[in-house]
Amino acid sequence: MIQSMTGYGKHSLQLSNKKITVELKSLNSKNLDINARIPQGYREKELILRKQIADALVRGKVDFGLFVEITGEETTAEINAGVVKKYMEQLNAIASGDDVKLLELALRMPDTLKTDKEDIDEDEFLKIQEALETALNNINTFRSEEGKVLETDFQNRINAIQDLLAQVKAIDPERLGSIRERLERAVADLQADVDANRFEQELIYYLEKYDITEEKVRLANHLDYFTTTMASADSNGKKLGFIAQEIGREINTIGSKANYAPMQQLVVQMKDELEKIKEQLLNVL
């Protein structure tokens, strides 16, 4: 099962005097990177919320937002009347003006509002955690749906490489015959006496250097292993990335040994399919 690192989840809850919304967005990243936006009054619970997110999402660049909207009449903020009056007096001494204008200017100054810090109600925090859990379930559902799309794309491209490998196997005898023919023609052009037995031994040695039997077997095994890993219970993008590297190594070796234009064309097509797989693997959890 493959999971994408791209996802979105959101959940809101209505309390007696406030509306709380939890929002999560995630993109691909090598590690877990959580960017949290939390109101000042809830900062003391940030580490708990971060751990809850980390346990559920494992990896990715995650934007987490906790938004609190007061819907009742209660507020912990009060105007600091003494400070406001002092500002108005100082402003009036600099430039006289009506009280309303001076009040507007004074209220823009620092420390004109005072807020009594309240401890977070535990029942409220439990509800926030439940809302976060729902949002995490939503984002993981999103990730799984995106993962299904990626898995289909990967399998199509693995199948394409397997088809190209079958074509490589089919033309391999023709390739070796072509190489042998070119060598025999080159020796004939020398117009020199050549020991037939010695030439045959050297020819076999030379052809063995171009043999790709092991590479074909290993490439087929790696392609099967990639498919098996995709079907495992856990999403493991890093492991799939390592397998893709091994697939690329065998394809490159076949290309370097090919020495035959039709086979090299097939190798280029395999490389193209593999490159697209690697690009998409960056987004797999």
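Structure notes:
- Proxy reagent accessibility, fewest Cβ within 10 Å first, across Met5, Met109, Met230: Met109, Met230, Met5
- The charge dipole of the chain, taken about the Cα centre with unit charges on the Cβ atoms of Lys, Arg (+1) and Asp, Glu (-1), comes to about 340 debye, rounded to the nearest 20.
- Neighbour-count ranking [beta-carbon atoms within 10 angstrom, fewest first] of Glu46, Glu181: Glu181, Glu46
- Taking the C-alpha atoms of the chain, convex hull volume expressed per residue in Å³: 209 Å³
- Measure of compaction for the range 1-98 (Cα Rg per 2.2 N^0.38 Å): 1.69
- When each of Ile94, Ile212 is scored by the number of other beta-carbon atoms lying within 10 Å, the sequence from fewest to most is Ile94, Ile212.
- In the range 1-58, the trypsin sites (Lys or Arg not before Pro) that fall in loop regions by DSSP, at most 13 other Cβ within 10 Å: Lys30
- Centre separation in Å (Cα based) which lies between the range 24-63 and the range 213-254: 33 Å
Here, each number is a calculation from the coordinates, and none is a lab measurement. Model, not experiment: these values are computed from the prediction. Here Cβ is always computed from backbone atoms with ideal geometry, including for glycine, and neighbour counts include all displayed protein chains.
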